[in-house]
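To start, the structure under review is shown below, and the notes come after it.
The values are calculated or read from the model by the stated rules, or taken from the named source; none is laboratory data. Worth saying up front: this structure is predicted, and the values here are computed from it rather than measured. Here Cβ is always computed from backbone atoms with ideal geometry, including for glycine, and neighbour counts include all displayed protein chains.
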Amino acid sequence: MIMKNSIKRTVAAIIATTAVCTPISSAPALKALSVKPISVSAAESNSVKQSGNCNRGNWHYKDELENYTLNYKITSSGSIIVGCKPNSPGTTIRIPKHLGGKNVISVADNAFKDQTNIIEVYFYGVNKINMTDYTYGTPTLYARGFDGGSQINEIGESAFEGCTNLTRVHFGEKEVTFKKAAFRGCEKLYSLNFVDSENYTLKRILGDIGPNAFENTSFVFIDDYEFKNIGDSAFAGCKNLKRVSASANTIGNNAFKGCALLLILISQQTLLVMNAKPS
């Protein structure tokens, strides 16, 4: 299927199912700690592996609570996450707003590729993401609640590809561009959330979605999203996807190929049914 169109259009699905994505709200988002699942997929292993770039010239950030290391480099524009080493299954990655005295602005190509130990990623709006409790005399390290407002604006090529246990990613206030295959094969990924510095849930405004960026992920609904351009095969193979309600300037070839449950209605009232199962 080819849907190349320079005129902005709205894509809406017509399957009547209640949305489960986080709604836009004027109320503050709940500052609660992440709860780790009881089990994760058998695809993960307990082995520790480095992804991305771990050159000696890079800087390192250690999260003592979750026991992972981030590698980053400092540029004139800001700090860039270039590699990662999570040490145990069920790891939640929390990336500070600043590293090396500069805003964290992007994740480099392959930085988290094939890290099956990761279950969730937060881009924090503040630096102090761990707290120490001295209430009972013995120092106890714990995670503070999520603060939004990060300056992350680009996810590199294959940055999270193959993270098969990743379920959700939480962004800040910036429009985010996703490069080719950024989350391809993240078979449990179902949610992208945006939260500002006051912890208010934001409308999901994204930049360009590169080819294959979310191929074979687990989105069910794509509601109230604004895209610039959706690349070829961007959401191909999303077999659970039922509804798309979004806007985009252009939609690439086969953008939703293999989405067996999906019906799409173009704004010109032209009904396109793609591999739709009978009701």
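So which residues in the stretch 229-251 are surrounded by fewer than 19 Cβ atoms within 10 Å (Cβ to Cβ) and among the β-branched types (Val, Ile, Thr)? The one that is surrounded by fewer than 19 Cβ atoms within 10 Å (Cβ to Cβ) and among the β-branched types (Val, Ile, Thr): THR250.
Any chance the stretch 213-235 includes a residue that's on the phi < 0 side of the Ramachandran plot, acidic (Asp, Glu), at pLDDT below 95 and in contact with an Asp or Glu (Cβ under 6 Å, 6 or more places away or on another chain)? Among the residues of the stretch 213-235, not one is on the phi < 0 side of the Ramachandran plot, acidic (Asp, Glu), at pLDDT below 95 and in contact with an Asp or Glu (Cβ under 6 Å, 6 or more places away or on another chain), which makes the answer no.
Take PHE183 and tell me if it is crowded, with 22+ Cβ neighbours inside 10 Å and either among the polar types (S, T, N, Q) or free of Cβ contacts under 8 Å to residues at least 40 places away in the same chain (or both). Answer is yes for this residue.
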